[in-house]
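The values are calculated or read from the model by the stated rules, or taken from the named source; none is laboratory data. Worth saying up front: this structure is predicted, and the values here are computed from it rather than measured. Every residue, glycine as well, gets a Cβ built from its backbone with ideal geometry; the counts of neighbours run over all protein chains shown.
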Amino acid sequence: MAFVKLWDSILDNAKVQRLNSPIFKTWVNLLAVTARYGGERGELPSWEDMTFGLRVDRTSLEPQIKVLVTAGLIDKTKSHYSLHDFVKWNESKDKTRAKRQREWRHRNALRNAERNAVIVDGCNTPQGIEGYEGLEEEKKEEHPLTPSEGERARTALDPELERTAKVAGECTGDVSWEIWVHRQSAMGSTIPEIQEAIEVCVNEDKFDKRFAAGILRRLAGERNGKKGPA
């Protein structure tokens, strides 16, 4: 499914705010129909696609497009119409996917660096890494969990899981992914499996929890298959 970004800055855009209600509706619908049928640089699709997408006939749509041209919200060339500044506000799918991949890898690197720093610090304690783990156990005993805190609170004791959840939420821009990460961990998925599922979602630019859950099921099947018979 295609999508188009509608920035909150339109509240301060005089061109947009001067539009009457029917023309404003047409402009928004043209944003959507261009995202679905038009060119990546904002070229309006064919009249056939526009009239079908907007459920109007050409005789009623053409005058409205002329109004939008006059308003400076649609650019007219010899060969086609295009939405003004469409590229500026709507990056191509490839650019968006590449940007998310870079963000995921960057945050992954920071997470791993932070984890490695914790291990090094633990090894530098008088008791070594075992001493560090002992301190962590003491912290858990100082703050016992109550039953009402549920599965998320229990899994939150793992700092690596917390970092994975935080990165997932930041990468998708949706805090519900943090909850999803904890839930999958509570259901038995390993942290590397969860990280791989999220990375596939980033690479595919497909942030769908059902899609991610399917990846986890496949990875769990591979993990259980490797164990073999007891």
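Of all residues in the range 37-61, those that are of a type in the set (D, E, K, R) and surrounded by 14 or more Cβ atoms within 10 Å (Cβ to Cβ) total 3. Scanning the range 169-211 for residues that are in a helix (DSSP H, G or I), hydrophobic (A, V, I, L, M, F, W, C) and within 21 Å of D158 (Cα to Cα) turns up C171, W177, I179, W180, V181, A186, I191, I194, A197, I198. Annotation note: of L61, L54, L11, L31, the sole residue that is closer than 16 Å to W89 by Cβ and touching a Leu at 6+ places or on another chain (Cβ under 7 Å) is L31. Checked against (1) modelled with pLDDT of 80 or more; (2) surrounded by 13 or more Cβ atoms within 10 Å (Cβ to Cβ), C123 passes all but a single condition, namely (1).
When K15, K25 are checked against the criterion of being in contact with a His (Cβ under 9 Å, 6 or more places away or on another chain), charged (D, E, K, R) and surrounded by fewer than 19 Cβ atoms within 10 Å (Cβ to Cβ), a single residue qualifies: K15.
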